Amino acid sequence: MIISLVNLNLCAQEKYLKDVHETQQLSQQIVELFSKNKISQSFNQLALYWPLPESEIEQIKDKTIKYLNIVEQRFGKSIGILKVKNEAISDIAIRETYLIRYEITAIRVMFTYYKGNNGWIINTFKWDDAFTEEFK
């Protein structure tokens, strides 16, 4: 039983989003922070709703900081944000996709939310440079 309690405390997620509007607000906030290269702040917000162990979130954050600094060095500063699409599976899952535009390229940012008994949580957060897949 003690091990179970310790494991629960290692997860970062503390809160639930109450509706789709709140998921959209969180996604927009995170993308804006990302576009300003405020990665630590964005991961602090994500962690509140993302049931991953804190150590995993820290690792993802550290890698993201490293790679987004490379993106800025190679492709210039962020010049804007574009919401590409919303997708839903009934009323239990939502995926929101954004592009963060840079002077020479763009990166894709995707959020997948899942609705459990207590409300909405982040199931998956992902960013990559595969924005051309959005042409499909």
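Values quoted throughout were computed directly from the atomic coordinates according to the rules given, and no laboratory measurement underlies them. Values in this document were obtained by computation on a predicted structure and should not be read as measured data. Here the Cβ is made from the backbone with ideal geometry for all residues, glycine too, and neighbour counts use every protein chain on show.
Under the criterion of Cα pairs below 8 Å and six or more residues apart, the relative contact order for the chain equals 22 percent.
In nm, what is the difference between 0.36 nm times the number of residues separating Ile70 and Ala93 and their Cα-Cα distance?
Once the chain is fully extended between Ile70 and Ala93, it gains 5.0 nm.
Karplus-derived 3J(HN,Hα) values for the range 37-43, using 6.51 cos²θ - 1.76 cosθ + 1.60 with θ = phi - 60°, are 6, 9, 5, 4, 5, 5, 6 Hz; glycine and proline are entered as x.
Residue separation times 0.36 nm, minus the C-alpha to C-alpha distance between Thr132 and Ile81: what's the value?
Answer, rounded to one decimal: 16.8 nm.
For the chain, the alpha carbon positions stretch 53, 33, 22 Å along the principal axes, listed from largest to smallest. Less than 5 angstrom separates the built amide H of Ala106 from none of the residues sequence-distant by 5 or more or on a different chain. Seen against the Cα atoms of the chain and their longest principal axis, helix 20-35 is set at about 50 degrees. When only the Cβ of Lys, Arg, Asp and Glu is charged (+1, +1, -1, -1), the dipole of the range 12-135 relative to its Cα centre reaches about 260 debye. Taken along the Cα-to-beta-carbon direction at a fixed 7 Å, the label points for Asn117 and Lys38 span 3.6 nm. Using a Förster distance of 25 Å, how high is the FRET efficiency between Thr105 and Glu56, based on the Cβ-Cβ distance and rounded to 0.05? For Thr105 and Glu56, the calculated efficiency is 0.35.
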